[in-house]
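Trainee: Quick one: the structure is below, and I'll ask about it shortly.
The values are calculated or read from the model by the stated rules, or taken from the named source; none is laboratory data. Predicted model, so just to flag it, every value in this text is computed and none were measured. Cβ coordinates were reconstructed from backbone atoms using ideal geometry, including for glycine residues, and neighbour counts include every protein chain displayed. Note: areas computed on protein heavy atoms with side chains; ligands, DNA, RNA excluded. Shrake-Rupley method; radii C 1.70, N 1.55, O 1.52, S 1.80 Å.
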Amino acid sequence: MFYDTAKNDHGLPRDPFKAIVSPRPIGWITSMSAKGEINLAPYSFFNAVSDTPPIVLFSSEGPKDSLVFVEETKEFVCNLATWDLRDQMNQTSAPYPRGTNELEAAGLTAAPCRLVKPPRVAEAPCALECKWLQTVRLHDVEGRITERYVVFGQVVGVYIDDRFIRDGKLDTAAMRPIARAGYHDYFVGTPETKFSLTRPKGGGAD
Ligand SMILES: Cc1cc2nc3c(=O)[nH]c(=O)nc-3n(C[C@H](O)[C@H](O)[C@H](O)COP(=O)(O)O)c2cc1C
């Protein structure tokens with residue numbers, strides 16, 4: 001099959017786009033307003049886009065609380081969403097009124113960060129402490145401005161639960177990170193689904 005996205009003539013009950021660009025990592029974003037209110041929400045339009053300097057992005061479909069808070073205080077934290085935390089992660093995506101502390105609402109614990117003011121989720125095995133770099137409001141191919149805002153941040157501090165460092169490496173599979181697929185689907189990283197490839201001679205480490 002083929003479909004034209006301007007017509008969305010795929011003939012399926014639901015748009016398959018997000019089931020193709022999948023599984024997507026989840027940035028579980030903590031942020032703080034200028035008044036000191038705490039926010040926590042998951043974003044799967046999220047990824048790392050550079051390692052030196054380490055830069056991540058997330059995209060907000062409309063001016064959601066995370067975007068508004070990050071714009072106010074210029075800092076955020078990306079917590080790792082894992083299999084054990086899947087229900088809490090999902091709960092923090094509920095449309096709570098601005099100012100609700102989703103961390104508390106989901107029964108999670110706030111732990112202080114070292115280099116930024118928003119807290120990290122204590123139960124998450126990793127957290128990236130970020131300083132805001134820029135927000136890009138996207139245009140489409142017709143040049144029309146959209147309600148899609150991409151937030152870039154530089155990772156200035158990294159928290160890792162030492163239990164997951166084994167033989168000098170971070171054991172990603174042991175943390176069982178979850179990733180978003182299409183519809184209501186997710187994937188989970190496990191030792192069974194991990195595989196390794198060495199790059200062709202002359203290639204880098206990634
Ligand atoms: C796994 C998952 C991924 C999500 N990814 C996004 C995303 O990339 N962009 C977005 O705008 N909303 C996304 N959402 C929806 C937001 O989490 C939801 O709108 C939330 O209420 C936003 O919270 P905030 O207003 O406190 O920032 C996602 C929800 C889930 C469960």
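Trainee: With only Lys, Arg, Asp and Glu charged, each at its Cβ (+1 for the first two, -1 for the last two), find how big the charge dipole of the range 104-183 is about the Cα centre; round to the nearest 20 debye.
Mentor: Taking the Cα centre of the range 104-183 as origin, the dipole is about 120 debye.
Trainee: In whole angstrom, note down how far apart the Cα centers of the range 25-58 and the range 126-184 are.
Mentor: Here the two parts' Cα centres lie 6 Å apart.
Trainee: Going through the range 115-206, which GluC sites (Glu not before Pro) have at most 13 other Cβ atoms within 10 Å and a DSSP loop state?
Mentor: GLU142, GLU192
Trainee: Cross-link list LYS18/LYS117; LYS117/LYS194; LYS18/LYS194; LYS64/LYS194; LYS7/LYS194: which exceed 31 angstrom alpha carbon to alpha carbon?
Mentor: Exceeds cut-off: LYS18/LYS117; LYS117/LYS194; LYS64/LYS194; LYS7/LYS194.
Trainee: Can you tell me the accessible area per residue over the range 56-157, all protein chains present, probe 1.4 angstrom, in square angstrom?
Mentor: 50
Trainee: Amide H to amide H, which residues 5 or more places from TRP28 or on other chains are under 5 Å from it, using H placed in the peptide plane?
Mentor: Residues meeting the criterion, in which the H sits 1.01 Å from N, are TYR43, ASN79, ALA81.
Trainee: Residue-wise, which Karplus ³J(HN,Hα) couplings in Hz belong to the range 92-97, taking 6.51 cos²θ - 1.76 cosθ + 1.60, θ = phi - 60°, and x for glycine or proline?
Mentor: These are the phi-based 3J(HN,Hα) values: 6, 8, 5, x, 5, x Hz.
Trainee: Sticking with this one: Extending each Cα 7 Å along its Cβ direction at ALA110 and VAL136, get the distance between those two points in nm, one decimal.
Mentor: So the label points at ALA110 and VAL136 sit 3.2 nm apart.
Trainee: If you stretched the chain out fully between ALA34 and ALA122, how much longer would it get, using 0.36 nm times the residue separation minus the C-alpha to C-alpha distance?
Mentor: Value of the extension gain: 29.4 nm.
Trainee: Using only alpha carbon positions, build the gyration tensor of the range 22-73, then give the equivalent ellipsoid semi-axes as the square roots of 5 times its eigenvalues, largest first, whole angstrom.
Mentor: 21, 14, 9
Trainee: On to the next question. To the nearest 20 debye, what is the magnitude of the charge dipole of the range 1-134 about its Cα centre, counting +1 on the Cβ of each Lys and Arg and -1 on the Cβ of each Asp and Glu?
Mentor: Once rounded to the nearest 20, the dipole reads 140 debye.
Trainee: When the helices in the chain are scored as -39500 (n - 2.57) per DSSP H run of 4 or longer and the sum is shared across all residues, what 222 nm value do you end up with, to the nearest 500 deg cm²/dmol?
Mentor: Calculated at 222 nm, the ellipticity per residue is -2500 deg cm²/dmol.
Trainee: Considering every Cα-Cα pair within the chain, what fraction, in whole percent, is farther apart than 20 Å?
Mentor: Distances greater than 20 Å cover 61 percent of the Cα pairs.
Trainee: Can you give the longest stretch of the chain with no exposed loop site, where a site means chymotrypsin sites (Phe, Trp or Tyr not before Pro) in a DSSP loop (not H, G, I, E or B) with at most 15 other C-beta atoms within 10 Å?
Mentor: 4-182
Trainee: Sticking with this one: Over the C-alpha atoms of the range 1-111, what are the Rg and the largest Cα-to-Cα span, Dmax, in Å?
Mentor: 16.2, 51
Trainee: Pairs of Cα atoms under 8 Å, at least six residues apart: use those to get the relative contact order of the chain, whole percent.
Mentor: It comes to 23 percent, rounded to a whole number.
Trainee: So what's Rg/Rh here for the range 110-197, counting alpha carbon atoms and using the Kirkwood radius for Rh?
Mentor: Computed over Cα atoms, the ratio is 1.07.
Trainee: For the range 36-45, just list the computed ³J(HN,Hα) in residue order, Karplus coefficients 6.51, -1.76 and 1.60, θ = phi - 60°, integers in Hz, with x standing in for Gly and Pro.
Mentor: Each residue's phi maps through the Karplus curve to give x, 6, 9, 10, 9, 7, x, 9, 9, 7 Hz.
Trainee: Divide, for the range 69-168, the radius of gyration over alpha carbons by 2.2 N^0.38 Å, where N is the residue count.
Mentor: Taking the Cα Rg and dividing by 2.2 N^0.38 Å, one obtains 1.25.
Trainee: Count neighbours as other Cβ atoms within 10 Å of each site's Cβ, and list the GluC sites (Glu not before Pro) in the range 29-105 that are DSSP loop with at most 16 such neighbours.
Mentor: GLU37
Trainee: Using θ = phi - 60° and the Karplus curve 6.51 cos²θ - 1.76 cosθ + 1.60, what whole-Hz ³J(HN,Hα) does each residue of the range 112-125 get, with Gly and Pro shown as x?
Mentor: Result, ordered by residue: x, 8, 8, 10, 9, 7, x, x, 9, 7, 4, 6, 7, x Hz.
Trainee: Return the carbon/sulfur percentage of the accessible area of the range 1-96, one whole number, probe 1.4 Å, all protein chains in place.
Mentor: 56
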